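Peer 1: Quick one: the structure is below, and I'll ask about it shortly.
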Amino acid sequence: TNKRGFRGRRDFSAEKQPGKTRILLIGDSFTFGEGVSDWETYATQLQRMRPQTEIINLGMHGYSHDQMLILLREEGSRLHPDIVILGFVYDNTERSLLEFSDCTKPRFLLGADGELTLTNSPVPKPESIIGWHWLNPKLLDFLEIAWKRAGYGYSVSHKWDKHHLTRAILREIADTVVEAGANPLF
């Protein structure tokens, strides 16, 4: 990773290079390039195909759409992108419902009015949840996901909630990108 903790050997400044189009990539481990060398990531391949652009990979292992939105708000908008590409992976719709996915994470709730409300923020420190033993959120999330994937727990309302939450988060990502003066691409 570079000095900012993002994937890639090249560091970048908040200011764009004159005459270059800046493209931000946001996503999960697929965007990050989990398990492949730097030169094999799609960010590097895109940079080779488009040398007149500046590609910045903000992909993070295990991220869901809610975390991508928060990262975009906190870091991405300050980078003055021209284009923001979201690497969409369907499994992230499920992750957005969880407060623990690979680690403790924030989560958005969707109100009846369609507004997103951020919960579980600030995120609890790992040491504050280690002692939960039998109440370990990761274990509970795992059991819930396993139960649902086995076909026992998904209700029509759960699927409705997941899809409506995902649409609201993606809409907010698109709005955030447009407010930053860039074009969203999912």
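Peer 1: Can you spot a residue in the stretch 87-101 that is among the β-branched types (V, I, T) and within 30 Å of K20 (Cα to Cα)?
Peer 2: Residues of the stretch 87-101 among the β-branched types (V, I, T): 89, 93.
Adding the requirement that they be within 30 Å of K20 (Cα to Cα) leaves 89.
The answer is yes, given that some residue of the stretch 87-101 is among the β-branched types (V, I, T) and within 30 Å of K20 (Cα to Cα).
Peer 1: Let me ask another. Which one of these is buried (at least 18 other Cβ atoms within 10 Å of the Cβ), under 12 Å from the mean Cα position of the chain (by Cα) and either among the aliphatic types (A, V, I, L, M) or more than 24 Å from D175 (Cβ to Cβ) (or both): L79, L98, L25? Break it down stepwise before answering.
Peer 2: Numbers: L79 fails: under 12 Å from the mean Cα position of the chain (by Cα); L98 fails: under 12 Å from the mean Cα position of the chain (by Cα).
Matching residue, one of L79, L98, L25: L25.
Peer 1: Oh, and also: Restricting to the stretch 61-75, give me the number of residues that are under 17 Å from F12 (Cα atoms) and open to solvent by 10 Å² or more (accessible area, probe 1.4 Å). It would help to see each step written out before you state the result.
Peer 2: Filtering the stretch 61-75 for residues under 17 Å from F12 (Cα atoms) gives 71-72, 74-75.
When the remaining residues are screened for being open to solvent by 10 Å² or more (accessible area, probe 1.4 Å), the result is 71, 74-75.
Going through the stretch 61-75 one residue at a time, the tally reaches 3.
Peer 1: Moving on. Please determine whether any residue of the stretch 35-49 is of a type in the set (K, R) and closer than 19 Å to L185 by Cα. Break it down into steps so the answer makes sense when it comes.
Peer 2: The first filter runs over the stretch 35-49 and keeps only residues of a type in the set (K, R), leaving 48.
Retained after the next criterion (residues that are closer than 19 Å to L185 by Cα): none.
The answer is no; no qualifying residue exists.
Peer 1: Can you tell me which residue is farthest from the chain's Cα centre (by Cα) among those in the stretch 30-40 that are closer than 13 Å to L58 by Cα and open to solvent by 20 Å² or more (accessible area, probe 1.4 Å)? Give the derivation first.
Peer 2: If we filter the stretch 30-40 for residues that are closer than 13 Å to L58 by Cα, which is where we start, we get 30-34.
Within this subset, residues satisfying the condition of being open to solvent by 20 Å² or more (accessible area, probe 1.4 Å) are 30, 32, 34.
Working: F30: 11, F32: 10, E34: 14 Å.
Restricting to residues being closer than 13 Å to L58 by Cα and open to solvent by 20 Å² or more (accessible area, probe 1.4 Å), the top hit is E34.
Peer 1: Is it the case that the stretch 126-143 has a residue that's closer than 15 Å to Y63 by Cβ, at pLDDT below 85 and polar (S, T, N, Q)?
Peer 2: In the first step, residues of the stretch 126-143 are kept if they are closer than 15 Å to Y63 by Cβ; the result is none.
Within the stretch 126-143 (the criterion being closer than 15 Å to Y63 by Cβ, at pLDDT below 85 and polar (S, T, N, Q)), the answer is no, since none of the residues qualifies.
Peer 1: Take L86 and tell me if it is at pLDDT 95 or above, closer than 21 Å to L165 by Cα, touching a His at 6+ places or on another chain (Cβ under 9 Å) and buried (at least 21 other Cβ atoms within 10 Å of the Cβ).
Peer 2: So L86 passes the test.
Peer 1: State which residue pairs qualify: first residue open to solvent by 30 Å² or more (accessible area, probe 1.4 Å) and inside the stretch 1-16, second residue hydroxyl-bearing (S, T, Y) and in a loop (DSSP other than H, G, I, E, B) in any location, beta carbons under 8 Å apart, and separation of 6 or more residues or different chains.
Peer 2: Matching pairs, first to second residue: R7/T1; R7/T41.
Peer 1: Tell me, please, whether a residue that is of a type in the set (S, T, N, Q), under 22 Å from T1 (Cβ atoms), out of contact with any strand residue (DSSP E or B) (no Cβ under 6 Å at 6 or more places or on another chain) and assigned to a helix (DSSP H, G or I) can be found in the stretch 69-86.
Peer 2: So in the stretch 69-86, the residues of a type in the set (S, T, N, Q) come out as 77.
Retained after the next criterion (residues that are under 22 Å from T1 (Cβ atoms)): 77.
After this cut, where a residue has to be out of contact with any strand residue (DSSP E or B) (no Cβ under 6 Å at 6 or more places or on another chain) as well, the list is 77.
Right, trim to assigned to a helix (DSSP H, G or I) and you get 77.
There is at least one residue in the stretch 69-86 that is of a type in the set (S, T, N, Q), under 22 Å from T1 (Cβ atoms), out of contact with any strand residue (DSSP E or B) (no Cβ under 6 Å at 6 or more places or on another chain) and assigned to a helix (DSSP H, G or I).
Peer 1: Shifting gears a bit: Going through the stretch 18-45 one residue at a time, which ones are more than 19 Å from R78 (Cβ to Cβ), of a type outside the set (A, V, I, L, M, F, W, C) and not in a helix (DSSP H, G or I)?
Peer 2: G19, D28, G33, E34, G35, S37, T41
The values are calculated or read from the model by the stated rules, or taken from the named source; none is laboratory data. Everything quoted here is computed from the prediction, not taken from an experiment. Note that each Cβ is placed from the backbone with ideal geometry, even for glycine, and that neighbours are counted across all protein chains shown. Areas reflect the complete protein model, heavy atoms only, side chains present, ligands, DNA and RNA absent. Shrake-Rupley method; radii C 1.70, N 1.55, O 1.52, S 1.80 Å.
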